[in-house]
1. Taking the Cα centre of region 192-240 as the origin, how large is its charge dipole in debye, to the nearest 20, when only Lys and Arg (+1) and Asp and Glu (-1) carry charge on their Cβ atoms?
2. Identify all lysines with a Cα-Cα distance to K50 below 17 Å; exclude those on the same chain that are fewer than 8 residues away in sequence.
3. With +1 on each Lys and Arg Cβ and -1 on each Asp and Glu Cβ, how big is the dipole of the chain about its Cα centre, in debye rounded to the nearest 20?
4. Among rounded, prolate and oblate, which fits the chain when a ≥ b ≥ c are the square roots of the eigenvalues of its C-alpha gyration tensor, a/c under 1.5 means rounded, and a/b larger than b/c means prolate?
5. Could you provide, to the nearest whole Å², the per residue accessible area of the chain with probe 1.4 Å?
6. Carbon and sulfur: what percent of the chain's accessible surface (1.4 Å probe)?
7. With springs only between Cα atoms under 10 Å apart, run a GNM on the chain and tell me which of A323, A308, A286 wobbles the most.
8. Rounded, prolate or oblate: pick one for region 252-372, where a ≥ b ≥ c are the square roots of the eigenvalues of its C-alpha gyration tensor, a/c under 1.5 means rounded, and failing that, prolate if a/b is larger than b/c, else oblate.
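The values are calculated or read from the model by the stated rules, or taken from the named source; none is laboratory data. In this text, all values refer to a predicted model and were calculated from it rather than measured experimentally. All Cβ positions, glycine included, derive from the backbone under ideal geometry; neighbour counts span all protein chains shown. These area figures cover heavy atoms from the full protein model, side chains too; ligands, DNA and RNA do not enter into them. Shrake-Rupley method; radii C 1.70, N 1.55, O 1.52, S 1.80 Å.
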Amino acid sequence: MKTFFHLIQEVQKTGLCHRCGGCVTFCTAVNYGALKIDDDGKPGYEDIEKCIECGLCYAICPEIDELEEETKRRANWSQPMGRIIETSVARSTDPAIQAKATDGGVVTGLLLHLFDRGRIDGAIVTRQTGPFQRAPFLATTREEIISAAGFFFDTSQGMKQFSEQYMTYASIDEFDPMVKKGLKRVALVGTPCQINSVRRMQALELLPSDAIKLCLGLFCSGNFVFGTSERAKLAEIGGFSWDEVRKVNIKESLLLHLKSGKTASIDLDDLYAIRRFACQFCTDYAAEFADISFGGIGAAEGWTTVIARTPLGRAALADAKSARMVEEFNYRDNPSYVTDALNLVRSWSSKKKKKARHNRRGLNTSSVSFNM
Ligand SMILES: Cc1cc2nc3c(=O)[nH]c(=O)nc-3n(C[C@H](O)[C@H](O)[C@H](O)COP(=O)(O)OP(=O)(O)OC[C@H]3O[C@@H](n4cnc5c(N)ncnc54)[C@H](O)[C@@H]3O)c2cc1C
Ligand code: SF4
Ligand code: SF4
Ligand code: SF4
């Protein structure tokens, strides 16, 4: 039976661990408590003696291909980037959410709608825990869902805080509170690797993944760590000062919205050095296993490109639209808007897969998933 010990050898030591947190989330939620996530988001043994060698952390790791086919089958996955039922460009109708959100605030608008209607008891999101830190968080009130919106830098506490590391990454280790609170209907917002990890738990019908009723995936070109020297370099490349940054977003480039109303843009290739190492081997851009995927790419500023991938995802979205919590762009103004947006997502997805395959060629990773 392969266990976390083998994940260390096959995934961590080869540099493929992208810290989705799946292994630790499962082990903690079922109370084995053998694993923990350290301050850098890296999984490791908390107490090796508690490991009962069940092998489940190994099986659910997205970098291991044991469950690849079953996960795809359950998702009706198809080439080139998973099942697509419907694509739209949309935004929240609430100006307060629009102002706080990363793009159009559709993720937050949809979560609020499901919460208000009693369809979910909570949502695993991430929230800001410091000027440059995000942490996973189980939101169980409207206010908490709203507080999680966006992708912000808060520079209000001054330059001193710039010594802290900022990571765009947050793991999914909020299953434990979900279990303790007895919640049975929870939505999860995450990057493609996180969604993939949950889907593998669901493929094995592992408790408590049955409580995750809806997976909302974010398009992802990578996770980045903005340390002090990296921020200095980015400021130099983009010709801006971090004091001036109001909001950060990732689309075709890294966008830094400044307090002056101007926007600085940095090519994603210039972020290569600060991208998490494992992300260079990742093939999933468009959250191919989510119920609904969201990204800013293809949509104008203040709008979100939305791909419904499962009947459940489509129904949730349609419901939020008819309740006027989410509104679609008026396509009469631009009839090819949605097709153009989807083509752009396809092209970024294809680019990411190609690069990942190229980067993997040098690795000695026999059991590691490489199929997409
Ligand atoms: C690391 C990362 C990389 C991304 N890369 C791209 C990209 O290359 N191209 C692109 O088009 N879009 C990318 N996105 C998605 C984009 O930034 C928006 O999240 C998406 O468009 C939804 O916008 P919204 O306004 O509808 O969401 P909002 O209403 O603002 O809600 C966003 C939700 O995402 C959650 N969230 C924020 N950060 C994280 C995180 N690190 N992990 C898990 N959940 C989080 C928040 O808690 C909130 O619930 C990326 C997102 C992340 C987190
Ligand atoms: S499950 Fe995620 S965090 Fe755990 S080893 Fe695999 S990639 Fe890393
Ligand atoms: S108890 Fe199971 S899930 Fe936890 S570390 Fe050991 S093998 Fe992995
Ligand atoms: S690029 Fe892939 S591995 Fe990296 S955070 Fe995004 S989904 Fe996860």
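1. Result for region 192-240 is approximately 40 debye, rounded to the nearest 20.
2. Cross-link targets: K2, K36.
3. Result for the chain is approximately 600 debye, rounded to the nearest 20.
4. The shape class here is rounded.
5. I get 43 Å² per residue for the chain.
6. 50
7. Of A323, A308, A286, the most mobile in the Gaussian network model is A323.
8. Working: a/c = 2.37, a/b = 1.38, b/c = 1.72.
Judged from the Cα gyration tensor, region 252-372 comes out oblate (a/c at least 1.5, b/c at or above a/b).
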